[in-house]
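Below is one structure, written out as structure tokens; the observations come after it.
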Amino acid sequence: MSATSYSVRHHTYLDSVFLMRLAKSLETMPGVVDVAALMATPANKQMLRDAGFSGVDVDAAAPDDLVVGVSASTAVQAQEAIAELDHLLSPQAAVETIQRVRTWGEVSTALPRANLAVISVPGEFAAAEIESALDRGMHVFCFSSNVEARDEIRLKGLAHSRGLLLMGPDCGTSIIGGKGIGFSNAVRRGPVGIVGGSGTGIQAVSCLLHAAGSGVSHALGTGSRDASDDVGGVATIDALNALIADAGTRVIVLVSKAPGESTRMRLASLIATSPKPVVTCYLGAAGAGAAATLDDAAAQALARLGGAQATPNGSGPPSAVTHIEGRALGLFAGGSLLLEARGVMEQAGIAPSRFEFVDMGSEELTRGRPHPMIDSRFRADRIAKAGEDASVAAILLDVVLGRGAAGDPAGDLVPAIREATARASGQGRSLLVVVAVCGTEEDPQVRSRQEGKLRDAGVTLVPTNARAAAFVAEALR
Amino acid sequence: MTIADLLREGPIAVSVGVRDFARDLKDQQVDVVEIDWRPPRPADAEMQRLLEKLL
Amino acid sequence: MSTTALDLKSRVEAANTTALARLTAADPVLVDVAPAGDVVEGLEGRMILHAGPPIPWERMCGAMRGSVIGLVLWERWASSPEAAERLLAQGHIRLEPNHHHHGVGPMAGTTSPSLPVWVVENRTFGNRAYCRLAESWQQFGQFDSEALAGLDRWRDVWAPSVRAGLRKRGPVPLKSIIGRALQMGDELHNRPNAASSLFANVMGPAMVDADVPRAALLETMGYLAGNEFLFLGISMAAAKSCAEPMEGVDGSVLVTAMARNGVEFGIRVSGMPGTWFVAPAPSVEGLFLPGFKAEDAGLDMGDSAITETVGWGGFTLGGAPGILALTGGTPDDAMRMTRDMREITAGTSPDYRMPALGFAGCSVGIDIRKVVSTGIEPVIDTAIAHHDPGYPKIGGGLVHAPIECFRKALAEFARRQGVA
């Protein structure tokens, strides 16, 4: 069934090209099937009728009247689209434009004060763009992955020699002076600086600090490979030194996948002489850093700040844990969150046969499809299928919010979660679904709304990823 | 332009690639221009050779 | 670097300068509107001209087939669409490109002997070019009686009335109309609105003066005043008349025509007259009229890219930002594309200027070497036809001339110059 709604605006002339554009934007609204926006000339009225838009309103319209017809799945959706017209036709709706230029050369006239290049072209082309930016004296945030290691080594050396910071390649998150770059959450400014090669790690720590009432001075991503011995932590060291010198930073958190041995030593000696406390959290390397989990890293940072700091996300997980047989399947959007969760499982002594964790954002699984933080479809399929697998007794998920992430990641997953639960119960099993949301109330997706959707779907919500893993470990024990 | 300058002044950005990144910056009141990037055509030795003679 | 290479380079530069000078010296005037069979050389008997590079009936796209069927019916060479298709399949109707007859036609571009065409003379060189009327139905492939009725009015009333007016007042210089229209937000391809009005202003008094009977006068005035695409046929004929003298300058690599038949996109190059360099026609990025969607669209079609060839259309988007809404773009995008075109052209026009760009002249003289070396493809704004026969206009948008045409042309040019 579909419903049609009309708006006739008398004595309103709009150019046909503008009207086609108007129709196109209304067509993107929920449930909208077709939109016709035309001046009501006799020929256009015929076109409206041919397209299935007819009625008294249309017949009566004069050539200088604007007719907009919307057909949608429901009457409410059709009316909502018509209501959106007021917004689209208001003078304020004129698009705020971002100036576009063709070459790096033109940047110097278009924005002479530019100090940061944000590069997200396909990996094979990124090195050339990074070099162009460095040649113009700009710092670089490079989101692109799949950049050759030897290019990264060369370019990081080049950046360092010029006093520039090369964040990345494969850098997901930075926050500079309160402005998020790439994937970042809406967190308060505060005394904690964050450095690291782990995008979701930076996101999780910044959200925990925010939840505890503190905040972030700057968060500087360095790229997933920076702390390897091949690259040698060039960006990590430059970023640490910058935060050590930064007056607004009192405590520093370094969050990264396990560094290479010699890089870890270099970092250790820098940290040992640092006048400011540096809390290290090396995911996937038990005991290598001061903090075993991101929760722990945030808590230690807060403790170093002194004063009575609240524990981040104080409310604990549901305490009455049912014991489950079978195994847990973890489907992670954030690679660092997977490492953190695996560390928790290992720490709890859970046998590797009892859990399978999949990095849905890994290179192999994102080849030819978007990252699960942007598009949940592939992960949703895996979730729904897991309901059929009799060996799976629990599903563990992360839901990452913030700029850059999908508009409604929880909503995208809920149908699959319901389906998995229904399939399992169809086979006489119960399925435990445990989710931790990484995000803040101020994020565009609004943490509490995302959690509400998940809770309504019967999900067990746990405030942080580490505690969600601990909760599952407890159930498996 | 040292790293300290960047931290003090905040980002003034040039974005090359994903348009959402530029929009997200603009939404945060960051000055930004985009470079209209297109993948370069695969280096074509034959065309380059001709162009060297003709252009 | 060898001396031969240097010699060749300077010879190409000199030839381009000559070709460009011919283009910028052009002075198009509208001299007549007359049945194509009376004025178009070689258009005789059962023959229909079409847009783009040559293409046989069997390979034509749906819209062009519909448009050809329409003219066969309209010329009364067949009494039903099925009979028309039979005639065409049996090869009883000759099909040739407009461009082979000093002509151009929008979209399918179909032109048959009885169809009146605009006749534009380039006064500087004395050559004439032709273009059929622009409308939104038959040239897009619709061939029912409603679509053909518009051609009847054109043949029987509108064209004769305008012709009478033209004969009375004399040729209408087009440089000033086009120059002013460019300053009023037109780009003379997808937005010829201002030029259409300016032209109607000229023709009204002329037709009165010519004593066109009242009924025909009122009907024709209504047609001129109410048809915002009226001037497209004139601007295309004008562009063709300006571009043609560039043909045949030995050693020049400037483009003299870009044209599409809905299957292939073709270009012609000054120093290699008579040769088409083709690539598969691209699809058009754009917006659709009510009732139509992207999946209905045929591929890029029409001779109208002759306007871009002389520096209008997509090349003057910066002066006509309204048109850019066709791709959801912004005025900045329009400016950027217009500036991009400077990178692939030999010069700018002294006559046609864009106030929005500080009265800079339009970029003219597309150089195939520069297209290949920069990778910047000429931008064209255009209308969209259905992929099946029988439909009117379904939308409009932007398209880029495929670089493959330019690469092929460059390779052939090099071969002919003995450097390959």
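Only the coordinates and a few stated rules stand behind these numbers; no lab work does. Source: prediction; values computed, not measured. Positions of Cβ are backbone-derived with ideal geometry, glycine not excepted, and every protein chain shown enters the neighbour counts.
Couple of notes before you dig in:
- Counting other Cβ atoms within 10 Å as a rough exposure proxy, the listed residues C:H99, C:H386, C:H92 run C:H92, C:H386, C:H99 from fewest neighbours to most.
- Separation of the C:E146 and A:L14 label points, Cα + 7 Å toward Cβ, nm: 2.5 nm
- Estimated from the Cβ-Cβ distance and a Förster radius of 60 angstrom, the FRET efficiency linking A:S269 and C:E404 is about 0.55.
- When the Gaussian network model of chain C links Cα atoms closer than 10 Å, the mean-square fluctuations of C:L23, C:L218, C:L198 top out at C:L218.
- J(HN,Hα) series, the range A:61-77, from Karplus relation 6.51 cos²θ - 1.76 cosθ + 1.60, nearest Hz, glycine and proline x: 5, 9, x, 9, 9, 9, 10, 10, x, 10, 10, 9, 4, 10, 4, 5, 5
- The base-10 log of I(q)/I(0) for the range C:157-226, evaluated at q = 0.18 Å⁻¹, reads -0.66 [Debye formula, identical scatterers on Cα atoms, solvent excluded].
- Length gained on full extension, A:A285 to A:A348, computed as 0.36 nm times the residue gap minus the Cα-Cα distance: 21.2 nm.
- Amide hydrogen proximity for C:Q142: with H placed 1.01 Å from N in the peptide plane, the residues at 5 or more positions away or on another chain lying under 5 Å are C:G390, C:Y391.
- For residues of A:174-183, the mean tally of beta carbons on other chains within 10 Å: 5
- Each peptide in A:31-40, A:185-194 was scored by the mean count of other Cβ atoms within 10 Å over its residues; highest first, the order is A:185-194, A:31-40.
- The phi torsions of the range A:141-154, fed into the Karplus equation with coefficients 6.51, -1.76 and 1.60 and a -60° offset, translate into couplings of 10, 10, 7, 3, 10, 6, 8, 4, 4, 5, 5, 4, 4, 5 Hz, rounded to whole numbers, with Gly and Pro shown as x.
- Least to most buried among C:W312, C:W276 (fewest other Cβ within 10 Å first): C:W276, C:W312
- C:D156-A:T41 pseudo-label distance in nm [points 7 Å out on the Cα-to-Cβ vector]: 2.2 nm
- Selected from C:E244, C:E219, C:E121 as most flexible by GNM, with chain C as the system and alpha-carbon contacts under 10 Å: C:E219
- Peptide A:17-23 shows a mean partner chain C-beta count of 6 within 10 Å per residue C-beta.
- Neighbour-count order for A:Y13, C:Y223, fewest beta carbons within 10 angstrom listed first: A:Y13, C:Y223
- R0 of 25 Å, Cβ-Cβ distance A:A3-A:A60: FRET efficiency to nearest 0.05: 0.75
- Given A:K24/C:K393; A:K179/A:K276; A:K179/B:K26; C:K9/C:K408; C:K240/C:K393, the pairs whose alpha carbons are separated by over 21 Å: A:K179/A:K276; C:K240/C:K393
- Listed values for the range C:390-407 are Karplus-derived 3J(HN,Hα) couplings in whole Hz (6.51 cos²θ - 1.76 cosθ + 1.60, θ = phi - 60°), namely x, 10, x, 4, 10, x, x, x, 10, 8, 10, 5, x, 5, 4, 4, 6, 5, and x replaces Gly and Pro.
- When the charge dipole of chain A is built from unit charges on Cβ atoms (+1 for Lys and Arg, -1 for Asp and Glu) and taken about the Cα centre, the candidate among A:Y13, A:V140, A:A211 whose Cα reaches farthest toward its positive end is A:A211.
- Counting only DSSP H runs of at least 4 residues, each contributing -39500 (n - 2.57), and dividing by the residue count of chain A, the helix-based mean residue ellipticity at 222 nm comes to -12000 deg cm²/dmol.
- A:M29 paired with C:K293, simple spin-label distance in nm, labels 7 Å along Cα-to-beta-carbon: 1.9 nm
- All C-alpha to C-alpha distances of the range C:167-305, sorted into 10 Å bins beginning at zero, yield P(r) values of 11, 28, 31, 22, 9, 0 percent in whole numbers.
- Taking amide H as placed 1.01 Å from N in the peptide plane, C:E264 has its amide H under 5 Å from the amide H of C:A281, each at least 5 places away in sequence or on another chain.
- DSSP beta bridges in chain A [antiparallel fraction, %, rounded to 5]: 35 percent
- Kirkwood hydrodynamic radius of the protein assembly as shown, from inverse mean 1/r over distinct Cα pairs, in Å: 31.5 Å
- From helices alone, chain C scores -11500 deg cm²/dmol at 222 nm; the rule is -39500 (n - 2.57) for each run of n ≥ 4 DSSP H residues, then divide by the residue total.
- Amide proton proximity set for A:L283, modelled H, under 5 Å, gap of 5+: A:S256, A:K257, A:A258
- Here chain A is treated as a sphere whose radius is the Kirkwood value from Cα pairs; by Stokes-Einstein at 25 °C and 0.890 mPa s it diffuses with a coefficient of 99 µm²/s.
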